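Bear in mind that the values in this text are calculations on the coordinates, not laboratory data. Bear in mind the structure is a predicted one, so any value in this text is a computation, not a measurement. Every residue, glycine as well, gets a Cβ built from its backbone with ideal geometry; the counts of neighbours run over all protein chains shown.
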Amino acid sequence: MEVSALQNARYAYEPKLPGALARELEQIAPEYGDPTESIQDQEEIRRIFQYSYGKPLVTFTGGNNDKIRRKLTVAVILSGGQAPGGHNVIAGLFDGLKRGNGESKLYGFLGGPKGLLENKTLEIDARLIDQYRNTGGFDLIGSGRDKIETLDQCAAAMENAHALKLDAVVIIGGDDSNTNAALLAEYFLERGSPIQVISCPKTIDGDLKNEYIEVSFGFDTAVKLYSELIGNIERDANSAKKYWHFIKLMGRAASHIALECALQTQPNICLVSEEVEAKHQSLTEIVDQICASVVKRAENKEDFGVVLIPEGLVEFIPEMKKLIDELNDVMSLDAEHFGSLKGFDAQEQWLKGKLDPESWNLFRSLPADIAMQLLSDRDPHGNVQVSRIETEQLLMRMVKKRLGEMKKAGTYGGKFSSLGHFFGYEGRCAFPSNFDADYCYSLGVNAFALIASGLTGYLSSVRNLTAPADQWIAGGIPLTMMMNMEHRKGTRVPVIKKALVDLDGAPFKTFASLRDTWAVKTSFVYPGPIQYFGPPELCDRPTKTLLLEHPRKGGA
């Protein structure tokens, strides 16, 4: 297979490890902390996870670990959307297993959780893993969005795991995947199965984090790649001086990506979904906010700018969320009849009288093609697929309409031309940054150490990430510790709680202190491409979000 010069160079990169994982193997020993509680709904979570609840925090320190040399057979699953660094988690796990015992084996379940349910595997050996070290993508074994949550699914998983004589399963995924890992660990324990379950925190959205998970892997690479593209567009805008660029960024449930990209590139406007919801901002207020920047910049003879928009914004605008909820309810009640209607006009006429008057007026005010997206793009459950709504087009058109009204009233004299972009898939499979390459490899080696120490129901945790890698702290946190109860599809179920942007946190406060200046004055920053070679302060630097949330002792 022909490879690029960069790919060859990345094969040779040797990821850095936390000091606790780089010591002599028998000295990688677990130190146990106090028993833990779930973040909320303790009694309900305890009843559901009777065998795995309350486990202690684990930190790897110096000591004596007489279990670590035993022969192990482990299988790994990539679950959910892609994120840069997944291959390095597998590489770290493989190297840890072979370092512990040369006869240990690693399998990959193909196509995500479905591979475990259907027993589709690939044995991973040194020749194979060496082709994927420090590279992007999940193409080594593939991924999928299937769940392992019902009793039948757990039973099938256990049967197939026993057939392979597995000692452990490692699940690499986001909040839902890690919730499934907790359910699977509990199922095995309840039935006396010795198979261990360990998971790793993955998602470019950055919404799987807490005190012990400072960042999910892939976030660092994705935001650096998006920031490069945004910086390029800012440079173009400042050169042509005639376009307003509306850029939608991945992040349906949380705005971490948009916020980090704003801190890196300093656009004129960055919308933060969590703030929109907290302030109960209407669509009109958001449009007016953007228009205010356009008008002020036009007064300075700068008819150009950049607006960043989180993918999930529309669900955080209270009136839009209400409209979407009503559409989901109304259309699900008579889905067959609605599906038989031909054309948007017939669908719109059918809806009349079925929506609340405020929702109906909002629906009618939307550009026709956006309104059509609300009606036509449905998921298998009949719900609006919010990620497919072209929010950037919605805002561009509404801003243009509002500016036209202002021009007629004599309150705006500039020129407004706009272009829309969506940056999403571009960032999910990039070559991982040095930070993600190191972090992911450490998570994989750490997962091996958790398995070799006989632990189950734990998530691989590597923290103190703003320090040099040899000072990172390796260990594990019980999956039940991150859980709360939520309503999903009409049922109250345990789930790992998503971490949204903290409006009282340092990253948002830093952004909020600067955005009024950015809105008027051209303050663009051009980060350039991800750097893989050079001094550590250039190549190994973590995100601004991480540095603001966890300042380096003695300064960033």
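Add +1 for every Lys or Arg and -1 for every Asp or Glu among the other residues with Cβ under 13 Å from the Cβ of residue 94, and state the total.
+1
Students often get this wrong: which residues of the stretch 493-522 have the backbone nitrogen under 18 Å from the point 7 angstrom along Cα-to-C-beta of residue 289?
Of the residues in the stretch 493-522, 500-521 have backbone N under 18 Å from the label point off residue 289.
For the pairs 354/400; 408/509; 16/98; 209/521; 301/401; 114/342, flag any whose C-alpha to C-alpha distance is greater than 28 Å. Don't jump to the answer; show the numbers that get you there.
Values: 354/400 30 Å; 408/509 37 Å; 16/98 18 Å; 209/521 34 Å; 301/401 21 Å; 114/342 37 Å.
Result: 354/400; 408/509; 209/521; 114/342 exceed 28 Å.
Determine, for 443, 78, 341, the number of other Cβ atoms within 10 Å of each Cβ, and report the residues in order from fewest to most. Display every interim value, and only then the final one.
Details: 443 26, 78 33, 341 15.
By the 10 Å Cβ count, ascending, the order reads 341, 443, 78.
Along Cα→Cβ, 7 Å out, is where each label goes; now give me the distance between the ones at residue 405 and residue 120 in nm to one decimal.
Distance between the two pseudo-spin positions: 5.3 nm.
So how strong a dipole does the stretch 315-429 carry about its Cα centre when Lys and Arg Cβ are +1 and Asp and Glu Cβ are -1, to the nearest 20 debye? Display every interim value, and only then the final one.
Working: 16 positive and 18 negative charges, 153 e Å.
Rounded to the nearest 20 debye, it is 740 debye.
Report the charge-dipole magnitude of the chain in Debye, nearest 20, computed about the Cα centre from +1 at each Lys and Arg Cβ and -1 at each Asp and Glu Cβ. Kindly include the intermediate steps, with their values, before the conclusion.
On the way: 62 positive and 73 negative charges, 203 e Å.
Approximately 980 debye in magnitude.
Sort the stretch 1-90 into rounded, prolate or oblate with this rule: let a ≥ b ≥ c be the square roots of the eigenvalues of the Cα gyration tensor; rounded if a/c is under 1.5, and if a/c is not under 1.5, prolate when a/b is larger than b/c, oblate otherwise. Don't skip to the end; give the middle numbers.
Working: a/c = 2.56, a/b = 1.51, b/c = 1.70.
Judged from the Cα gyration tensor, the stretch 1-90 comes out oblate (a/c at least 1.5, b/c at or above a/b).
Could you tell me which of rounded, prolate or oblate describes the stretch 236-304, using a ≥ b ≥ c as the square roots of the eigenvalues of the alpha-carbon gyration tensor, with rounded for a/c under 1.5 and, failing that, prolate when a/b is larger than b/c and oblate otherwise?
On the way: a/c = 2.64, a/b = 1.41, b/c = 1.87.
Cα axes put the stretch 236-304 in the oblate bin.
Going by how many other Cβ atoms sit within 10 Å of their own, how do 104, 227, 255 line up, fewest first?
On the way: 104 21, 227 28, 255 32.
Fewest to most other Cβ atoms nearby, the residues stand as 104, 227, 255.
Among DSSP beta bridges lying fully in the chain, give the percent that are antiparallel, nearest 5. Before the final figure, lay out the partial values.
Values: 24 of 56 bridges.
So the antiparallel bridges in the chain amount to around 45 percent.
If you find the alpha carbon centre of the stretch 97-123 and of the stretch 12-83, how far apart are they in angstrom?
19 Å
Taking the Cβ of residue 175 as the center, what net charge do the other residues with Cβ under 9 Å away carry, scoring Lys and Arg +1 and Asp and Glu -1? Display every interim value, and only then the final one.
On the way: positive: 497, 498; negative: 176, 207.
Charge balance in the 9 Å sphere: 0.
If r is the Cβ-Cβ distance from residue 149 to residue 8 and R0 is 60 Å, what FRET efficiency results, to the nearest 0.05?
On the way: r = 42 Å, r/R0 = 0.69.
Result of the calculation: an efficiency of 0.90.
Could you work out the pair-distance distribution P(r) of the stretch 85-196 from its alpha-carbon pairs, with 5 angstrom bin width and percents rounded to whole numbers?
Taking every Cα pair in the stretch 85-196, the percentages come to 2, 11, 22, 24, 21, 14, 5, 1.
Measuring from centroid to centroid over Cα atoms, what is the spacing of the stretch 454-476 and the stretch 172-194 in Å?
One Cα centre to the other: 20 Å.
In what sequence do 515, 191 fall when counting other Cβ within 10 Å, fewest first?
By the 10 Å Cβ count, ascending: 191, 515.
As an exercise, use a Förster radius of 51 Å and the Cβ-Cβ distance of residue 356 and residue 159 to find the FRET efficiency, rounded to the nearest 0.05. Show your work: numbers first, answer last.
Numbers: r = 50 Å, r/R0 = 0.97.
So the FRET efficiency works out to roughly 0.55.
Given 0.36 nm per residue, what is the gain on full extension from residue 130 to residue 236 after removing their alpha carbon distance, in nm? Intermediate values should be presented prior to the final figure.
On the way: separation 106, 0.36 × 106 = 38.16 nm, distance 3.96 nm.
Extending this stretch completely gives an extra 34.2 nm.
What helices in the chain pass both tests, a Cα length along the helix axis of 30 Å or more and a mean Kyte hydropathy of -0.5 or higher, using whole DSSP H runs? Before the final figure, lay out each step's value.
Working: long enough: 219-240 (31 Å, -0.20).
Taking the DSSP H segments of the chain (at least 30 Å long, mean hydropathy at least -0.5), we get 219-240.
Of the peptides 167-177, 40-50, 317-327, how do they stack up when ordered by the mean number of other Cβ atoms within 10 Å, highest first?
On the way: 167-177: 26.0, 40-50: 15.2, 317-327: 18.8.
The densest-packed peptide leads the list: 167-177, 317-327, 40-50.
So how much slack lies between residue 39 and residue 66, counting 0.36 nm per residue of separation and subtracting their Cα-Cα distance, in nm? Don't skip to the answer; put the middle values down first.
Details: separation 27, 0.36 × 27 = 9.72 nm, distance 3.34 nm.
Taking 0.36 nm per residue and subtracting the Cα distance, the gain is 6.4 nm.
Can you give the FRET efficiency for residue 346 and residue 512, using 1/(1 + (r/R0)^6), R0 = 41 Å, r = Cβ-Cβ distance, to the nearest 0.05? Spell out each step's value before the answer.
Details: r = 46 Å, r/R0 = 1.12.
The value I calculate is 0.35.
Provide Rg over Rh for the chain; use the alpha carbon set for both Rg and the Kirkwood Rh (inverse mean inverse pair distance).
Working: Rg = 24.9 Å, Rh = 25.0 Å.
Result: Rg/Rh = 1.00.
Quantify how much of the Cα-Cα distance distribution of the stretch 381-490 extends past 16 Å, in percent.
77 percent
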